[in-house]
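The values are calculated or read from the model by the stated rules, or taken from the named source; none is laboratory data. Just so it is clear, the model here is predicted, and its values are computed rather than measured. Positions of Cβ are generated from backbone atoms using ideal geometry, with glycine treated the same way; all protein chains shown enter the neighbour counts. Surface areas here come from the heavy atoms of the whole protein model, side chains and all, with no ligands, DNA or RNA. Shrake-Rupley method; radii C 1.70, N 1.55, O 1.52, S 1.80 Å.
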Amino acid sequence: MNGSTMLDANVKVFGYQTGLMTASLDYNSVSNTLTINPVNEFKNGEKVSVTLTSGLKTISNESITPFVYKFRAKAIGGTGSFTKTSEISNTSGGYIRSGDLDGDGDIDLVINNSFYKNNGSAVFTLSTTLNHYGRPDLFDADNDGDLDIFLSNNGTIYFYLNDGLGNFTYISTFSGSVWAFGDLSGNGYIDIAYFVNTAEVKMLMNTNGIFNPAQSYSLLGLCVNTGDYYDNLLIEDFNNDGSMDVMSISGWISGNSITFYDACRNFNNLSNDGYGNFTVQDAYFHFSSRHNPIIFSMGDSKSFDFNGDGKVDICSPLLQLINAGSGSFSDTGNFNPFINSLDFDFNGDGFIDICAIFIGNLERYQNNGIGEFTLSVENYNYSLSFGSASGDFDGDGDIDMVMKVENDKTAILLNGDSPLPVELSSFTSSVNSNTVKLIWSTSSEQNNSGFEIQRSTVKNETQDTWKKTGF
């Protein structure tokens, strides 16, 4: 590689709860390795994408095909047992998104068109309400390091720009809707994908906050002609070629109270050439019959690597689709129907789990890392709606949830703390001249390899930095 092209303009790191991240770049020409070191920490459990643009060149000065890689920051701890600690009233509608909107390090909320600030302890206060109403989505549109707000309403997008402190300015209105977003063209800016209808998907390509309509794509399969069912658009590298593909899930549902209801769904993989040009492939087809009316509300499929084989799989109502790596998927089990879902590591074991909502119940699917899920169900004794968001809202390292509940309320559900791996039964110290002796004993230890000793110097009655002195 040509080390002189390893510049900020050609390497972009996006945090989905923070925006474009400033990073230092260190290229080692001997090992041909580029080290990207973000200045600030990722949020626990945050989705992150890295784009290597075509501005990077080989040693022979040829531009590379853009390469986009997506991963998640680790969640630290959690039990997967959630407790409602508070509610936000007067939040009619059901759309919730989370991210650090004011740059203070805490994960805030946008509920419909209202911005709620987090005090760091998962207590949210209304900050501002935007003039337009719609379903919100948050991402850094202009690459200035903060999250902007997009409100989708009946085929129109209202774009609000963030000043970095959580103050928003209305910028523009343009046609479309935000169903999913990611760097589709590989130019280092976040683009938009949306349904035109259940048989057509379109892209809006971003250059410095200006969204230009791109080509639309007709979907394949047996369910598109009479389609009225939308599930989701998923943006991932489904074929591991370094570009973000788009998985479209749509179809139709029909029937009556006598014969019950049938569901027909097409899974179309819009395979990306790296520059935002797509080829439509029929990835999976699903038909099921004799459902009750709840089937009309099911949806919100999610995508991540279930089984640790390096390929992105799909969690969908009624289906657990494993990626074969060649653009095709196979069903290896099934999930219950659900109307809303969140994918995150709720117990801190390094594997992505699923929390889903179905008829007032919170269903937790715990992943064992090889694609096997264990289901547990909690009834919260109130109606759970379809809107939800996740994040480390109280800053304790594990991932919490926020969900729409009955009437116009939003519930804050905090994740239980994991027990410490060591239980101390005694801890004492003694001082002899300049020597300090520490003595401790434990009553229990789990997965503990040892103890690190740290000390600090007190200067002017202020504690200095802690330094490791032994293990």
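Residue pairs whose Cβ atoms lie under 9 Å apart, separated by 6 or more positions or on different chains, with the first residue in the stretch 41-52 and closer than 18 Å to G78 by Cβ and part of a loop (DSSP other than H, G, I, E, B) and the second of a type in the set (D, E, K, R) and open to solvent by less than 30 Å² (accessible area, probe 1.4 Å), are K43/D100; K43/D392; N44/D392; N44/D398; G45/D345; G45/D392; G45/D398; E46/D392. Applying the criterion of at least 1 residues that are β-branched (V, I, T) and either at pLDDT 75 or above or surrounded by fewer than 13 Cβ atoms within 10 Å (Cβ to Cβ) (or both) to the strands (runs of 3 or more DSSP E) found wholly in the stretch 382-465 leaves 400-404, 410-415, 422-432, 435-445, 453-455. The set of residues in the stretch 8-40 being open to solvent by 70 Å² or more (accessible area, probe 1.4 Å), farther than 23 Å from G164 by Cβ and assigned to a loop (DSSP other than H, G, I, E, B) consists of S29, V30, N32. The single condition among (1) within 23 Å of N347 (Cα to Cα); (2) buried (at least 19 other Cβ atoms within 10 Å of the Cβ); (3) of a type in the set (S, T, N, Q); (4) at pLDDT below 95 that T83 does not meet is (2).
Across the stretch 294-304, the number of residues qualifying as more than 15 Å from F267 (Cβ to Cβ) and either touching a strand residue (DSSP E or B) at 6+ places or on another chain (Cβ under 6 Å) or aromatic (F, W, Y) (or both) comes to 3. Once the stretch 155-187 is narrowed to residues that are open to solvent by 40 Å² or more (accessible area, probe 1.4 Å) and among the polar types (S, T, N, Q), the residue that is nearest to G145 (Cα to Cα) is N167.
Looking only at residues in the stretch 346-373 that are in contact with a Ser or Thr (Cβ under 8 Å, 6 or more places away or on another chain) and more than 18 Å from R72 (Cα to Cα), the one that is surrounded by the fewest Cβ atoms within 10 Å (Cβ to Cβ) is G360.
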